[in-house]
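Visitor: For reference, the structure I am asking about is given below.
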Amino acid sequence: MCGRFTLTVDPAEMGAAFRNYNFPSQFVPRFNIAPSQPILAIPNDGNNKADFFIWGLIPSWAKDPTIGNRLINARGETLAEKPSFRGGYKYKRCLVLADGFYEWKKTPGTKAKVPHFIHMKTRKPFAFAGLWSEWHSPDGSQIRSCTIVTTQPNPIMAAIHDRMPVIIDPDDYQRWIDPAAQSPDSLQPLIKPYPADEMTAHPVSTLVNNPKNDRAECVVPA
């Protein structure tokens, strides 16, 4: 799964890494982004513009928005089958912007888990595969939300956890967020582990266990 991640670069750096997309004029660095919080994503609405979405997908048909607390991740292998995700897989995909993420490694023989920070060797930002939705409440308000797609781990991640977020290759950004409806057969080749030789990981402090700790110390090697 993917339960925490980071986006610490400034808008100028994002613009350099994602040249064909528009970004908010300012946003604060985030070192410990948690579910139910706003996350920056580019939806496939044809505008190529990043906006903030609530992390935790609320399907348009949901009666209660708290369902989003259980839908922070979507297994890539079953996107076309699950009622919560199959519509979004076909019609509403997004790029979730990040520059690193956390996962917890079990310590054999104990209940302890050691948090690890995983990122690109270049430290450049990247994009998770995501699905998004618009939910309308009975009072007329609207919530835009999204989920992060996961897949089997690459060798770097396999030493830490049995899942990892799907990271989209930059050459495939437009393919993933094409506004046109897509079939599972056309998209499934993108649901794969990212090349391990481009990534690195290191253990970090348990500071990251508490989402209230949103500061640079979270990513410092333990």
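The values are calculated or read from the model by the stated rules, or taken from the named source; none is laboratory data. Please read all numbers here as calculations on a predicted model, not as lab measurements. Please note: Cβ atoms are built from the backbone with ideal geometry, for glycine as well, and neighbour counts cover all protein chains shown.
Visitor: If I filter the range 23-31 for residues that are assigned to a strand (DSSP E or B), touching a helix residue (DSSP H, G or I) at 6+ places or on another chain (Cβ under 6 Å) and not small (Gly, Ala, Ser), do I get at least one hit?
Guide: yes
Visitor: Assess whether residue 122 counts as being of a type in the set (Ser, Thr, Tyr), farther than 30 Å from residue 66 by Cβ and assigned to a strand (DSSP E or B).
Guide: No; evaluated as a whole, the condition is false for this residue.
Visitor: Going by what's in this entry, would residue 45 be described as closer than 30 Å to residue 209 by Cβ and among the charged types (D, E, K, R)?
Guide: no
Visitor: Somewhere in the range 101-115, is a residue farther than 22 Å from residue 37 by Cα, surrounded by 14 or more Cβ atoms within 10 Å (Cβ to Cβ) and within 14 Å of the chain's Cα centre (by Cα)?
Guide: no
Visitor: Which residues, taken from the range 55-100, are surrounded by 23 or more Cβ atoms within 10 Å (Cβ to Cβ), β-branched (Val, Ile, Thr) and either over 10 Å from residue 147 (Cα atoms) or touching a helix residue (DSSP H, G or I) at 6+ places or on another chain (Cβ under 9 Å) (or both)?
Guide: Passing the criteria: only 58.
Visitor: Additional query: Do we find that residue 21 is surrounded by 21 or more Cβ atoms within 10 Å (Cβ to Cβ), among the aromatic types (Phe, Trp, Tyr) and under 23 Å from residue 142 (Cβ atoms) in this structure?
Guide: Against the criterion (surrounded by 21 or more Cβ atoms within 10 Å (Cβ to Cβ), among the aromatic types (Phe, Trp, Tyr) and under 23 Å from residue 142 (Cβ atoms)), residue 21 does not qualify.
Visitor: Does residue 27 qualify as being crowded, with 17+ Cβ neighbours inside 10 Å, of a type outside the set (Val, Ile, Thr) and closer than 18 Å to residue 209 by Cα?
Guide: When the stated conditions are applied, residue 27 does not pass them.
Visitor: Determine whether the range 34-48 contains at least one residue that is buried (at least 20 other Cβ atoms within 10 Å of the Cβ) and touching a Pro at 6+ places or on another chain (Cβ under 6 Å).
Guide: yes
Visitor: Just a yes or no: is a residue in the range 116-136 acidic (Asp, Glu), closer than 19 Å to residue 181 by Cα and surrounded by fewer than 24 Cβ atoms within 10 Å (Cβ to Cβ)?
Guide: Within the range 116-136, one or more residues are acidic (Asp, Glu), closer than 19 Å to residue 181 by Cα and surrounded by fewer than 24 Cβ atoms within 10 Å (Cβ to Cβ).
Visitor: I've got another one for you. Could you pull out every one of the helices (runs of 4 or more DSSP H) wholly within the range 148-214 that has 2 or more residues that are free of Cβ contacts under 8 Å to residues at least 60 places away in the same chain and surrounded by 15 or more Cβ atoms within 10 Å (Cβ to Cβ)?
Guide: Answer list for the range 148-214: 155-158.
Visitor: May I pose another question? Looking at 214, 171, 197, which is the one that is out of contact with any His (no Cβ under 7 Å at 6 or more places or on another chain) and closer than 29 Å to residue 82 by Cα?
Guide: 171
Visitor: Quick one: would you say residue 49 is farther than 12 Å from residue 145 by Cβ, charged (D, E, K, R) and modelled with pLDDT under 95?
Guide: no
Visitor: Considering each residue of the range 80-119, count those that are farther than 20 Å from residue 190 by Cβ and assigned to a strand (DSSP E or B), and give that number.
Guide: 12
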